[in-house]
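Single-structure report; data block below.
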Amino acid sequence: MNDADWISFDEALALVLDAVSPLETVRVPLSAALGRSLARDAKAVAPHPPWDNSAMDGFAVRIDEVRGASPERPVVLPISDDIPAGAFPSGPLEPGSVARVMTGAPVPEGATGVVRVEHTDGGPDERVSIFDDADGERHIRFLGEDVKAGDTVVERGEELGAAAVALLASAGLDQVDVGRRPRVGVLANGDELADFDEFDEVRAGRKIMNSNGHALAAQIADSGAEPVPLGIARDDPDDLHRCLARAGACDAIVSAAGVSVGEHDYVKQVLDELGFERSFWRLRMRPGSAAVFGLLGGRPFWGVPGNPASALVTYETLVRPAIRKMTGFARPCRRPLQCVAAHDLRGPRDVLSFVRVLIGSAESGVLTARLSGPQGSGNLGSMLADGLLAIPVGTDAIGAGDRVDVIPLREWASPA
């Protein structure tokens, strides 16, 4: 492992995605399915809506009997039925009459529309005055209009949000098969690192906080996987061996720092001793060029740089898509947003640069992207960003107003 690969980002991402496959599926209650990936198409066992129903509070009518109604010449008809939500019509709509219906209630056979109550006098007695015929053929939601029995309501690989959960419930599925959450080991490397149990050392200026371990664990959980802390490996091959031995039940491992060419960077040495099958080491990407990927005991292993911004960017671009594929999501990569640069941007011409940006909107309504702060690989604060703007290889400058692609990192809001 002494020669750097120096491959392109696209080549690296392809190698990563080709190396992983979805894990097995598990069955969970629908109440526990939020955020999971659906393992097989879900089909409706009943139509939705299950009957012709009213989209408004109002009166079911026949259009021919209310045509021409206006405030000056209202159509006055008797109320032959009253149908609240949860009830059913007593029979077909009687000719020359209307039926009072509530939203969601079934409409009687023969009705062509529901005149909303605002276009009437409310029917204070057994008769109603209709002042507008515009609803005479509107506001009926027909049986199966949304979903027909046998329709696929949610496709395999879909991330189950609130709407998908509602559709699964309407399909009668109280349990669903989803992709198993990968168990991903999180390892930090370095004599200089401390965790909360040694925070006095950080306060005294003798160590630095293991922020990478906490950040990577959070990113793993946010990707739909289960983080497994493997601890902090000191700059000693034996200690690194001990930490990696804790990963026996893990499906993948992400290790921060120790992957460069420093005298005390032992990760590559120990990986070689464990039979690591390397796919690449180093790529034309900034930050994150000193990244390692391959298989360790048949499991995906990522070595990400130790600088905080580099570690987080490398995870977002090269680890998250693979973890999501392992979890079974059909779309492992986030779709980029089309923005325009709010100001001039620069980057090295020979690598793909990811700069951290905040997203806003110009007066014209177009999305804009501006730097979130200093872009050094150690500037963790700049990762409080809305997205990563890609400056392509071969481009060393982007001008204000140029169109750019931004990989979203979180929900964004326009500045006040």
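Out of everything in the stretch 243-261 that is in contact (Cβ under 8 Å) with a residue 40 or more places away in the chain and not small (Gly, Ala, Ser), what residue ends up being nearest to residue 325 (Cα to Cα)? Give the derivation first.
Residues of the stretch 243-261 in contact (Cβ under 8 Å) with a residue 40 or more places away in the chain: 243-244, 246-247, 249-260.
Now narrow it down to the ones that are not small (Gly, Ala, Ser): 243-244, 246, 250-251, 253-254, 259.
On the way: 243: 26, 244: 24, 246: 24, 250: 16, 251: 13, 253: 15, 254: 16, 259: 25 Å.
The qualifying residue nearest to residue 325 (Cα to Cα) is 251.
Restricting attention to the stretch 1-22, the residues that are assigned to a loop (DSSP other than H, G, I, E, B) and open to solvent by less than 40 Å² (accessible area, probe 1.4 Å) add up to 1.
Mind counting the residues in the stretch 329-367 that are among the hydroxyl-bearing types (Ser, Thr, Tyr) and either buried (at least 17 other Cβ atoms within 10 Å of the Cβ) or in a loop (DSSP other than H, G, I, E, B) (or both)? Reasoning before the result, please.
Just the residues of the stretch 329-367 that are among the hydroxyl-bearing types (Ser, Thr, Tyr), to begin with: 353, 361, 364.
Narrowing the set further to residues that are either buried (at least 17 other Cβ atoms within 10 Å of the Cβ) or in a loop (DSSP other than H, G, I, E, B) (or both) leaves 353, 364.
Qualifying residue count for the region: 2.
When the residues of the stretch 213-242 are narrowed to those that are more than 16 Å from residue 323 (Cα to Cα) and without any contact (Cβ under 8 Å) to a residue 40 or more places away in the chain, which ends up most open to solvent (accessible area, probe 1.4 Å)?
Keep residues of the stretch 213-242 that are more than 16 Å from residue 323 (Cα to Cα), which gives 213-214, 229-242.
Still in the running and without any contact (Cβ under 8 Å) to a residue 40 or more places away in the chain: 214, 236-239, 241-242.
Numbers: 214: 85, 236: 60, 237: 29, 238: 96, 239: 26, 241: 58, 242: 134 Å².
This residue is 242.
Step by step: first the residues of the stretch 371-404, then only those that are charged (D, E, K, R) and either surrounded by fewer than 19 Cβ atoms within 10 Å (Cβ to Cβ) or at pLDDT 95 or above (or both), then the one that is nearest to residue 310 (Cα to Cα). Which residue is that? Talk me through it step by step, then tell me what you get.
Of all residues in the stretch 371-404, those charged (D, E, K, R) come to 386, 396, 402-403.
Filter again for either surrounded by fewer than 19 Cβ atoms within 10 Å (Cβ to Cβ) or at pLDDT 95 or above (or both), leaving 396, 402-403.
Working: 396: 20, 402: 25, 403: 25 Å.
My answer is 396.
Looking at 349, 356, 403, can you tell me which residue is touching an Asp or Glu at 6+ places or on another chain (Cβ under 9 Å) and either farther than 30 Å from residue 34 by Cα or free of Cβ contacts under 8 Å to residues at least 40 places away in the same chain (or both)?
Details: 356 fails: either farther than 30 Å from residue 34 by Cα or free of Cβ contacts under 8 Å to residues at least 40 places away in the same chain (or both); 403 fails: touching an Asp or Glu at 6+ places or on another chain (Cβ under 9 Å).
None of the others qualify; the one that does is 349.
In the set (1) in contact (Cβ under 8 Å) with a residue 40 or more places away in the chain; (2) out of contact with any Cys (no Cβ under 8 Å at 6 or more places or on another chain); (3) assigned to a helix (DSSP H, G or I), residue 314 fails one condition alone, (1).
Kindly indicate which of 103, 112, 120 is crowded, with 20+ Cβ neighbours inside 10 Å and of a type in the set (Val, Ile, Thr). After applying the criteria, what remains is 120. Being open to solvent by 20 Å² or more (accessible area, probe 1.4 Å) and either over 30 Å from residue 329 (Cβ atoms) or of a type in the set (S, T, N, Q) (or both) is a description that applies to residue 75.
So how many residues does the stretch 164-173 have that are closer than 21 Å to residue 332 by Cβ and open to solvent by 30 Å² or more (accessible area, probe 1.4 Å)? Before you say what the answer is, go through the steps one by one.
We begin by selecting, within the stretch 164-173, every residue closer than 21 Å to residue 332 by Cβ; these are 164.
Now drop any that are not open to solvent by 30 Å² or more (accessible area, probe 1.4 Å), which leaves none.
The qualifying residues number 0.
With respect to being in a loop (DSSP other than H, G, I, E, B), small (Gly, Ala, Ser), in contact with a helix residue (DSSP H, G or I) (Cβ under 8 Å, 6 or more places away or on another chain) and farther than 19 Å from residue 320 by Cα, residue 275 falls outside the description. Among the residues of the stretch 100-135, those that are charged (D, E, K, R) and either touching a residue at least 60 places away in the same chain (Cβ under 8 Å) or closer than 20 Å to residue 53 by Cβ (or both) comprise 100, 109, 116, 118, 132, 133, 135.
Please determine, by comparing only the residues of the stretch 40-51 that are touching a strand residue (DSSP E or B) at 6+ places or on another chain (Cβ under 6 Å), open to solvent by 60 Å² or more (accessible area, probe 1.4 Å) and not aromatic (Phe, Trp, Tyr), which one is farthest from residue 120 (Cα to Cα). Filtering the stretch 40-51 for residues that are touching a strand residue (DSSP E or B) at 6+ places or on another chain (Cβ under 6 Å), open to solvent by 60 Å² or more (accessible area, probe 1.4 Å) and not aromatic (Phe, Trp, Tyr), the one farthest from residue 120 (Cα to Cα) comes out as 40.
Within the stretch 170-219, the set of residues being under 20 Å from residue 319 (Cβ atoms) and assigned to a loop (DSSP other than H, G, I, E, B) comprises 180, 181, 182, 190, 210. Looking at 70, 54, just one residue is modelled with pLDDT of 95 or more, of a type in the set (Gly, Ala, Ser) and either touching a strand residue (DSSP E or B) at 6+ places or on another chain (Cβ under 7 Å) or surrounded by 15 or more Cβ atoms within 10 Å (Cβ to Cβ) (or both), and that residue is 54.
Using the structure shown, decide if residue 159 is closer than 28 Å to residue 331 by Cβ and either among the hydrophobic types (A, V, I, L, M, F, W, C) or touching a residue at least 12 places away in the same chain (Cβ under 8 Å) (or both). Spelling it out, residue 159 is indeed closer than 28 Å to residue 331 by Cβ and either among the hydrophobic types (A, V, I, L, M, F, W, C) or touching a residue at least 12 places away in the same chain (Cβ under 8 Å) (or both).
Counting only residues that are assigned to a strand (DSSP E or B) and open to solvent by less than 40 Å² (accessible area, probe 1.4 Å), the stretch 23-39 holds 3 of them.
Taking the residues in the stretch 276-328 that are among the polar types (S, T, N, Q) and more than 17 Å from residue 14 (Cα to Cα) as candidates, determine which candidate is surrounded by the fewest Cβ atoms within 10 Å (Cβ to Cβ). Break it down stepwise before answering.
In the first step, residues of the stretch 276-328 are kept if they are among the polar types (S, T, N, Q); the result is 279, 289, 307, 310, 314, 317, 327.
Then keep just the ones that are more than 17 Å from residue 14 (Cα to Cα); that gives 307, 310, 327.
Values: 307: 22, 310: 25, 327: 25.
My answer is 307.
Please tell me if residue 181 is among the basic types (Lys, Arg), in contact with a Gly (Cβ under 8 Å, 6 or more places away or on another chain) and buried (at least 16 other Cβ atoms within 10 Å of the Cβ).
On the way: among the basic types (Lys, Arg): yes; in contact with a Gly (Cβ under 8 Å, 6 or more places away or on another chain): yes; buried (at least 16 other Cβ atoms within 10 Å of the Cβ): yes.
So residue 181 passes the test.
In the stretch 148-169, how many residues are assigned to a helix (DSSP H, G or I), under 15 Å from residue 35 (Cβ atoms) and either out of contact with any Ser or Thr (no Cβ under 9 Å at 6 or more places or on another chain) or of a type in the set (Gly, Ala, Ser) (or both)? Adding up the residues that qualify gives 5.
The values are calculated or read from the model by the stated rules, or taken from the named source; none is laboratory data. All of these numbers come straight from a predicted model, not from anything done at the bench. Cβ: placed from backbone, ideal geometry, glycine included. Neighbour counts: every protein chain shown. In case anyone asks, the SASA skips ligands and DNA or RNA and just uses the protein heavy atoms, side chains included. Shrake-Rupley method; radii C 1.70, N 1.55, O 1.52, S 1.80 Å.
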